[in-house]
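Encoded as structure tokens, the structure appears first; notes follow it.
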Amino acid sequence: MESNTLTTSSISYTKPLPSLFPTAEPPSYILRNISLTSHPSQILAIVGPSGAGKSTLLDILAARTSPTSGSILVNSLPINPSSYRKISSYVPQHDAFFPLLTVSETFTFSASLLLSKTPLETSNAVASLLQELNLTHLAHTRLAQGLSGGERRRVSIGLSLLHDPGFLLLDEPTSGLDSKSAFDVVQILKSVATSRQRTVILSIHQPSFKILFLIDRLLLLSKGTVVYHGRLDLLEGFLLSKGFTVPPQLNSLEYAMEILQNLHDPHENADTVLPGPQEPQKQNTKQSYRSSRITEVLS
Ligand SMILES: Nc1ncnc2c1ncn2[C@@H]1O[C@H](COP(=O)(O)OP(=O)(O)OP(=O)(O)O)[C@@H](O)[C@H]1O
């Protein structure tokens, strides 16, 4: 399969209306004007506080949900959702398997349903997939027995790779995993992206420092809008250009998340308390800062 670049042009998504009757209420936006680009051989991470719209955006990028407006393009051409679904794979947050099958049987069973291959070709494909996912030593372990969360997540990723998709879209692939397992999962995704020249987009809550090195580009979401889209190493300069100096004890993404987290905190009112720009950070000391100002400076 050729390598593909995925872009979106001003995608918006409004809350589905509760009834068939017309309402005078303005539409409530879950996503507004999202434009992004994701390149082959790279990982694009969608990061944002809970409720920012990450899962909704991934659903749209996987063509499982249609945007209210805007479009998805592959190599600059608008997609046909049903053809696009054949060349993409969506990995949901929760793993779903037949628990009595072994890892190898799970891959073989799905491959026999999905692919037109001879038994020998299927067996070779499964063996190389097990190796790629570092699961060869668990090939004959039943899914119900003794697989760790990270190993189960790697099985889910393996199932999504069987038809060698050009685009791999993963909703929170590291959720519920300890930091080592989370790193292993993202490292495998990075290796899939580079060795197969695939386009990988994942959502992630709070990537560890080690995981950040595996991510090529970021899309920072807050309340359904893009706050930042670009390389991680340029985020610090972006924050600085908006008047925020990253404190020495935090990396730039942690600091940006801290700012956005405060914006999303339901206990904070209009006078959201946030660290002010260029002010030294004091632990447990919050300074008054209007949320409107933060939105304005970051966007
Ligand atoms: N079908 C829907 N109808 C109404 N509201 C919705 C619907 N889907 C999502 N929302 C709302 O849209 C917002 C974004 O939800 P979404 O699940 O995309 O966020 P998220 O960033 O993935 O959150 P989390 O990190 O907690 O999974 C939330 O406020 C959610 O309640």
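Of everything listed in (1) modelled with pLDDT under 50; (2) part of a loop (DSSP other than H, G, I, E, B); (3) surrounded by fewer than 17 Cβ atoms within 10 Å (Cβ to Cβ), the single unmet condition for Pro275 is (3).
Filtering the range 202-215 to residues that are hydrophobic (A, V, I, L, M, F, W, C), out of contact with any Phe, Trp or Tyr (no Cβ under 7 Å at 6 or more places or on another chain) and more than 15 Å from Leu235 (Cα to Cα) leaves Leu202, Ile204, Leu214. Considering Ser28, Ser41, the condition of being surrounded by fewer than 19 Cβ atoms within 10 Å (Cβ to Cβ), farther than 15 Å from His229 by Cα and within 15 Å of the ligand (Cβ to nearest atom) is satisfied by Ser28 alone. In the range 116-129, the residues that are of a type in the set (D, E, K, R) reach residues that are part of a helix (DSSP H, G or I) with C-beta atoms within less than 7 angstrom, at least six apart or across chains, in these pairs: Lys117/Ala111; Lys117/Ala125.
On the stretch given as the range 58-84, residues that are assigned to a strand (DSSP E or B) and in contact (Cβ under 8 Å) with a residue 12 or more places away in the chain total 6. Within the range 219-238, the set of residues being surrounded by 20 or more Cβ atoms within 10 Å (Cβ to Cβ), in contact with a strand residue (DSSP E or B) (Cβ under 9 Å, 6 or more places away or on another chain) and hydroxyl-bearing (Ser, Thr, Tyr) comprises just one member, Tyr228.
Taking the condition under 22 Å from Ser35 (Cβ atoms) and modelled with pLDDT of 90 or more, does Leu189 pass? Answer is no for this residue.
Every residue, every condition in (1) outside any helix (DSSP H, G or I); (2) closer than 21 Å to Leu169 by Cα; (3) within 16 Å of the ligand (Cβ to nearest atom), yes or no:
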| position | (1), (2), (3) |
| --- | --- |
| Gln187 | no, yes, no |
| Leu219 | yes, yes, yes |
| Tyr228 | yes, yes, yes |
| Leu234 | no, no, no |
| Leu239 | no, no, no |
| Gly243 | yes, no, no |
| Pro247 | yes, no, no |
| Met257 | no, no, yes |
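Checked against the criterion of being touching a residue at least 40 places away in the same chain (Cβ under 8 Å), within 16 Å of the ligand (Cβ to nearest atom), within 19 Å of Glu151 (Cα to Cα) and part of a loop (DSSP other than H, G, I, E, B), the range 191-204 has no qualifying residue. If you go through the range 194-207 and pick out every residue that is in contact with a Ser or Thr (Cβ under 6 Å, 6 or more places away or on another chain) and surrounded by fewer than 23 Cβ atoms within 10 Å (Cβ to Cβ), you end up with 2.
Can you find a residue in the range 92-108 that is surrounded by 15 or more Cβ atoms within 10 Å (Cβ to Cβ), within 23 Å of the chain's Cα centre (by Cα) and in a strand (DSSP E or B)?
Step one: filter the range 92-108 for residues surrounded by 15 or more Cβ atoms within 10 Å (Cβ to Cβ), giving 92-93, 95, 97, 101-108.
From what is left, the residues that are within 23 Å of the chain's Cα centre (by Cα) are 92-93, 95, 97.
Next, from what is left, pick out any that are in a strand (DSSP E or B): none.
No, every residue in the range 92-108 fails to be surrounded by 15 or more Cβ atoms within 10 Å (Cβ to Cβ), within 23 Å of the chain's Cα centre (by Cα) and in a strand (DSSP E or B).
Per the conditions (1) more than 16 Å from the ligand (Cβ to nearest atom); (2) in contact with a Gly (Cβ under 7 Å, 6 or more places away or on another chain); (3) in a loop (DSSP other than H, G, I, E, B), the sole criterion not satisfied by Leu177 is (1).
The values are calculated or read from the model by the stated rules, or taken from the named source; none is laboratory data. These figures come from a predicted structure and were not determined experimentally. Quick reminder, even Gly has a Cβ in these numbers, built from the backbone with ideal geometry, and neighbours come from all protein chains shown.
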